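Some notes on the structure that comes next.
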Amino acid sequence: MSTNAKQLELKDILEISSIGKLGDKDMVILDVRRPDEFGSGHVKNAKNVPVQELGQALQLTPSEFEAKYGFKLPANDSQTGVAVHCMRGTRAQMAASLLAEADYKDNLYVYLPGWTELASAADAQIETL
């Protein structure tokens, strides 16, 4: 399925990581890699929901989602943006399709270079678990 997800660049994802916003829009970074990949290094303020779980996760109530994943996923009609990324783009595209199927439209963003580019960015703030 094709999505209308807006494409992000490195500078965009670094801005979101640093201040939780892109311009004046509140944003959440959704890292859809496996938990072991996320644990070994992720961009500051990213939240992890593996793409393999995302379809089922989107069926949870907001309180069930928060209990399982430890954060509130913005609603599909929220003003808060959801920026998805993975290692190199494949899983992020899959996640964007799942989110689009769940009616995420105007608040859906995707960063396709993913962790491969982020990990080597000099000004990226990297965290581990």
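The values are calculated or read from the model by the stated rules, or taken from the named source; none is laboratory data. Note that the structure is predicted; figures quoted are calculated from it, not measured. Cβ coordinates were reconstructed from backbone atoms using ideal geometry, including for glycine residues, and neighbour counts include every protein chain displayed. When the accessible area is computed, the model is the full protein with side chains, heavy atoms only, and any ligands, DNA or RNA have been set aside. Shrake-Rupley method; radii C 1.70, N 1.55, O 1.52, S 1.80 Å.
Whole-Hz Karplus values for the stretch 34-46 come out as 5, x, 5, 5, 4, x, 7, x, 8, 5, 3, 6, 6 Hz, taken residue by residue from phi with 6.51 cos²θ - 1.76 cosθ + 1.60 and θ = phi - 60°; glycine and proline positions read x. In order along the stretch 70-85, phi translates into HN-Hα couplings of x, 7, 8, 7, x, 5, 5, 10, 6, 6, 7, x, 10, 10, 9, 8 Hz, rounded to whole numbers, per the Karplus curve 6.51 cos²θ - 1.76 cosθ + 1.60 with θ = phi - 60° and x for Gly and Pro. Number of Lys-Lys pairs in the chain with C-alpha atoms under 16 Å apart and a separation of 8 or more places or on different chains: 12.
Based on protein heavy atoms only, the chain ends up with 52 Å² per residue of surface accessible to a 1.4 Å probe.
Across the stretch 93-103, coupling constants 3J(HN,Hα) worked out from phi with the 6.51/-1.76/1.60 Karplus curve, θ = phi - 60°, read 5, 4, 5, 4, 5, 4, 5, 5, 5, 8, 6 Hz, and Gly and Pro carry x.
Placing +1 on the Cβ of every Lys and Arg and -1 on the Cβ of every Asp and Glu, with no other charges, gives the chain a dipole of roughly 140 debye about its Cα centre. Amide H to amide H, with H built 1.01 Å from N, VAL82 comes under 5 Å of VAL28, LEU108, TYR109, counting only residues 5 or more places away or on other chains. Just one of [x] 133; [y] 95; [z] 161 is volume of the Cα convex hull per residue in Å³ as worked out from the coordinates here. Which one is it? It is the value labelled [y].
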